[in-house]
Amino acid sequence: AIFVMLAACAPAGAADPWYQGKRLTVLINFAPGGPTDIEGRLFARHIGRLMPGAPNVIVQNMDGGGGAVGTNFLGEVAARDGTYVGYLTGPAWRHVSVPERARVDFLSYNSVAYQPGTSVYYVRADVSPPAKTSADLLQVQNLIVGGLTTDSSKDLLERLTLDLLGVKHRYVTGYTSNATARLALQRNEINFFAESPAGYRSVVVPNLVEKREVTPLYYDPQWNGTRFAEPMQAKGIGLEPFPEFYRRVKGGTPSGKAWDVYLHMLAINGAMQRMVVFPPGVPKEAIAALREGIRKLDKDAAFASDAEKSLGYVPDYEASDSVQEEVNRALAVPTEDKAWLMDYIARASK
């Protein structure tokens, strides 16, 4: 009787951790070698040991459609028992820009954490006339911009910044990843591109910037609705944020619908460039365990050391219990701005 009473009074925490003996697959929605893959594999390398139950962690890449293929697979096909989680780039912005392409409503996914991000822009130095400095961008003729898909945040930000600057360009999209677009730039198929600091620091700087094959231009700042801020990934890069670059080369501050949409994109994609999400309907125990592991990750010395070596910075994840509410709130964009954006995307396809 005493043993029965003790068992009944045992705390819930005495039970085996929910992930004990399980395997967690981290689905990355871009191809190997790109910045999402670099960050996602770093995340997968450390998260298992920090989660209650210490599950084995493996990585699966599923690229295509500017990240839409992997995101749709996660929502439609992946197991909903907590053994599949997405490490995704771009799903929040795609929910705003092309919701019809999502076969599962993104707001039904379980958002566990997100990470602010930015893009760093660069141009081949041998364009005509040569781009010896960033300001030379305004004089370039026959600028060819590379992208992933017409509705991806990367493509839209590239086009918007150039349109705001008044730089004429030809737009070529359909590259499956940053790595393939970067290769196209090295082959001189395109001569203007942008990518996240992970790829920029680890690949572009040593292989292209230091060899003076490309000229760095500017990066996207963070925007909270009232002021700009420097993303932690941009620290030490030595470039101006786009608004300061614009002020230096054009004077004043941009205006109009293109500028309004650019700011919306900073508020959404800049704050939630990388997202850690479960498919709909996963057990709450899985969400709690992964979120606990991510909170530990932000303070983990081994992760920080590994990140500095491979990325040049330490990713900072927001993993509070209110993440889902914050995501839902950020995705509310005024109807007129969304209509302008739809037309802007449509024009890119003509």
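The values are calculated or read from the model by the stated rules, or taken from the named source; none is laboratory data. Treat the numbers as computed from the prediction; the structure is a model and nothing was measured. Backbone-built Cβ (ideal geometry, glycine too); neighbour counts: all protein chains shown. Only protein heavy atoms, including side chains, enter the accessible area calculation; ligands, DNA and RNA are left aside. Shrake-Rupley method; radii C 1.70, N 1.55, O 1.52, S 1.80 Å.
Quick notes on this structure:
- Count of residues meeting criterion [touching a Ser or Thr at 6+ places or on another chain (Cβ under 9 Å), open to solvent by less than 10 Å² (accessible area, probe 1.4 Å) and under 15 Å from G48 (Cα atoms)] in region 279-310: 1
- Each residue in region 326-350 was checked for being assigned to a helix (DSSP H, G or I), open to solvent by 60 Å² or more (accessible area, probe 1.4 Å) and over 14 Å from V261 (Cβ atoms), and 2 of them qualify.
- Residues in region 229-245 that are open to solvent by less than 30 Å² (accessible area, probe 1.4 Å) and modelled with pLDDT of 95 or more: P241, F242, P243, F245.
- Counting only residues that are in contact (Cβ under 8 Å) with a residue 60 or more places away in the chain and over 24 Å from P91 (Cβ atoms), region 276-309 holds 4 of them.
- Residues that are under 24 Å from V112 (Cα atoms), surrounded by 11 or more Cβ atoms within 10 Å (Cβ to Cβ) and in contact with a helix residue (DSSP H, G or I) (Cβ under 9 Å, 6 or more places away or on another chain) within region 311-325 comprise L311, Y313, V314, P315, D316, Y317, E318, A319, S320, V323, Q324, listed in sequence order.
- Residues in region 194-223 that are among the polar types (S, T, N, Q) and under 17 Å from the mean Cα position of the chain (by Cα) were compared, and the one that is surrounded by the most Cβ atoms within 10 Å (Cβ to Cβ) is S196.
- Residues that are at pLDDT 85 or above and in a helix (DSSP H, G or I) were ranked within region 43-66; the one that is most open to solvent (accessible area, probe 1.4 Å) is R45.
- If only residues of region 218-228 that are in contact with a Phe, Trp or Tyr (Cβ under 8 Å, 6 or more places away or on another chain) and not hydroxyl-bearing (S, T, Y) are counted, the one that is modelled with the lowest pLDDT is Q222.
- One residue stands out in region 83-96 among those that are in contact with a Leu (Cβ under 8 Å, 6 or more places away or on another chain) and not aromatic (F, W, Y): the one that is farthest from A267 (Cα to Cα), namely T83.
- Region 276-305: number of residues that are more than 18 Å from S322 (Cα to Cα) and in contact with a strand residue (DSSP E or B) (Cβ under 6 Å, 6 or more places away or on another chain): 0
- Selection count, region 231-240, where residues are over 16 Å from the mean Cα position of the chain (by Cα) and outside any strand (DSSP E or B): 5
- One residue stands out among those in region 127-163 that are open to solvent by less than 20 Å² (accessible area, probe 1.4 Å) and acidic (D, E): the one that is farthest from Y218 (Cα to Cα), which is D151.
- Some residue of region 239-258 being among the basic types (K, R) and closer than 17 Å to Y313 by Cα: no
- Top-ranked residue in region 127-186 [being among the polar types (S, T, N, Q) and part of a strand (DSSP E or B); ranked as nearest to G67 (Cα to Cα)]: Q141
- Of all residue pairs spaced 6 or more apart or on separate chains, those with beta-carbon atoms under 9 Å, a first member in region 142-165 that is under 13 Å from W259 (Cα atoms) and a second member that is of a type in the set (D, E, K, R) are L157/D220; T161/D220; L162/K168; L164/K250; L165/K250.
- Residues within region 169-194 that are within 13 Å of V145 (Cβ to Cβ) and touching a strand residue (DSSP E or B) at 6+ places or on another chain (Cβ under 7 Å), tallied: 13
- Residues that are of a type in the set (S, T, Y), surrounded by 24 or more Cβ atoms within 10 Å (Cβ to Cβ), modelled with pLDDT under 95 and within 16 Å of V26 (Cβ to Cβ) occur at least once in region 87-103.
Rundown of residues vs (1) farther than 30 Å from S310 by Cβ; (2) in contact with a helix residue (DSSP H, G or I) (Cβ under 7 Å, 6 or more places away or on another chain), yes/no style:
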{"residue": "Q139", "(1), (2)": "yes, no"}
{"residue": "I144", "(1), (2)": "yes, no"}
{"residue": "E158", "(1), (2)": "no, no"}
{"residue": "H169", "(1), (2)": "yes, yes"}
{"residue": "S177", "(1), (2)": "no, no"}
{"residue": "F193", "(1), (2)": "no, yes"}
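- Region 67-86: number of residues that are part of a helix (DSSP H, G or I) and either open to solvent by less than 20 Å² (accessible area, probe 1.4 Å) or aromatic (F, W, Y) (or both): 8
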